[in-house]
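Colleague: Got a structure for you, questions after.
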Amino acid sequence: MEIKSRKNKRTSILVILAILLVSSISGNFYFISKNFSVIKNYDEFFQKYQEKQQDFDSLQEKLLNLEKDLNQISQVEEDIIKIKQEYFATIKQLEDDILSGKSDQKIAYLTFDDGPYYNTYQFLNVLDHYNVKATFFTTSINGEKCYDKKSENCLLLYQEYIKRGHTIANHTFTHGIYRGLYNSTESFITAVKRQEEVVQEYTKIGYTTNIVRFPGGSRTSGRLKNEIIEELRKMNYGWVDWTAQDGDGGTLNSKEQAWNTFTSSIDENIEVVLFHDYNNITLSILPDAIEYLQKQGYLLFPLFYESNMVQK
Ligand SMILES: [Zn+2]
């Protein structure tokens, strides 16, 4: 009995020991496996973290470069505005001196109405050849399609004017002299605002213009003229007619007719010359017209808001 109970006692001790051993091993194993899984997850996490860090770094670098570029862009924009202001202030001073008789210099502003047309490229090329900057009074009669070459997107010309250093002005969206443009002050102003949006959109750089030319000339607006001018003034717009032309807005039968009309209209110290960039006769006399003006002592500039020729 004693032996049996001792045996039992030993067995119980062994069982307890066995239980303790197993539980300790499994506990350890549990602990190890738990630890192992944490480490494994941590590695994955760390790897992911490093990847994110790399993404973040490269994005940050991109952002910094973009900010640098944006700063450069706004710096360039500021420089352009400053240079333009200085350039136009110099011309304005010259105008003042001419008008007061202090200077015997002469100025001609070449202006082209009713574009953009596909033909406009040829006018731009002639101007480039003489390194002459001009002003384009734009309208949207034709929309996207060129009047003279419907397969071409004429709206690209808005950027072309800017690239080549010319100024863009507003000739109203519709040009609808006989289609309601002059029905009321409101209809005219609406057409000016719509064209302003076109200029801003298609120059891609938000170019703004504040010079308008009445389609048909300011007299065409009749009894509305003063009210329209008042509204334009509120919008900080100036307006301009012309002092010289080759008659291409009407019926031009020959190069000779255009030339005679043009040369006989040049008789003032400051001229605003009206041309239409759809007219092939004008295109054919343009080189001679530029040379003629230069020989007569005219300096050719693009028109600008502050000019005495732009009425406010
Ligand atoms: Zn016109």
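Colleague: Filtering the stretch 109-138 down to residues that are at pLDDT 95 or above and in a loop (DSSP other than H, G, I, E, B), which residue is nearest to the ligand (Cβ to nearest atom)?
Modeller: Across the stretch 109-138, the extreme among qualifying residues is Ala134.
Colleague: Mind checking whether some residue in the stretch 79-97 is assigned by TED's automatic domain parsing to the domain that holds Phe173, within 20 Å of Tyr207 (Cβ to Cβ), without any contact (Cβ under 8 Å) to a residue 40 or more places away in the chain and crowded, with 18+ Cβ neighbours inside 10 Å?
Modeller: no
Colleague: Another question, then. Going by the structure shown, is Gln257 away from the ligand (no atom under 16 Å from the Cβ), of a type outside the set (A, V, I, L, M, F, W, C) and within 25 Å of Tyr117 (Cβ to Cβ)? Spell out how you get there, then give the answer.
Modeller: Values: away from the ligand (no atom under 16 Å from the Cβ): yes; of a type outside the set (A, V, I, L, M, F, W, C): yes; within 25 Å of Tyr117 (Cβ to Cβ): yes.
Taking the combined requirement at face value, the residue satisfies it.
Colleague: Which of the helices (runs of 4 or more DSSP H) contained wholly in the stretch 139-256 include at least 1 residues that are farther than 22 Å from Leu124 by Cβ and in contact (Cβ under 8 Å) with a residue 24 or more places away in the chain?
Modeller: Details: elements: 157-163, 185-202, 225-234.
By residue number, 185-202, 225-234.
Colleague: Does Ser254 qualify as being touching a Lys or Arg at 6+ places or on another chain (Cβ under 6 Å) and either of a type outside the set (Val, Ile, Thr) or open to solvent by 10 Å² or more (accessible area, probe 1.4 Å) (or both)?
Modeller: Values: touching a Lys or Arg at 6+ places or on another chain (Cβ under 6 Å): no; either of a type outside the set (Val, Ile, Thr) or open to solvent by 10 Å² or more (accessible area, probe 1.4 Å) (or both): yes.
Answer is no for this residue.
Colleague: Can you pull out the residues in the stretch 185-218 that are of a type in the set (Val, Ile, Thr) and either at pLDDT below 95 or under 24 Å from Ile80 (Cβ atoms) (or both)? Don't jump to the end; show me each part of the working.
Modeller: Taking the stretch 185-218 first, the residues of a type in the set (Val, Ile, Thr) are 185, 189-190, 192, 198-199, 203, 205, 208-209, 211-212.
Val198, Val199, Thr203, Ile205, Thr208, Thr209, Ile211, Val212, listed by residue number.
Colleague: Could I ask something else about it? How many residues does the stretch 275-297 contain that are outside any helix (DSSP H, G or I) and either of a type in the set (D, E, K, R) or open to solvent by 10 Å² or more (accessible area, probe 1.4 Å) (or both)? Walk me through it before giving the result.
Modeller: As a first pass, look at the stretch 275-297 and keep what is outside any helix (DSSP H, G or I): 275-279, 296-297.
Narrowing the set further to residues that are either of a type in the set (D, E, K, R) or open to solvent by 10 Å² or more (accessible area, probe 1.4 Å) (or both) leaves 276-279, 296-297.
Result for the stretch 275-297: 6.
The values are calculated or read from the model by the stated rules, or taken from the named source; none is laboratory data. Since the structure is predicted, the reported quantities are computational estimates derived from the model, not experimental observations. Cβ: placed from backbone, ideal geometry, glycine included. Neighbour counts: every protein chain shown. These area figures cover heavy atoms from the full protein model, side chains too; ligands, DNA and RNA do not enter into them. Shrake-Rupley method; radii C 1.70, N 1.55, O 1.52, S 1.80 Å.
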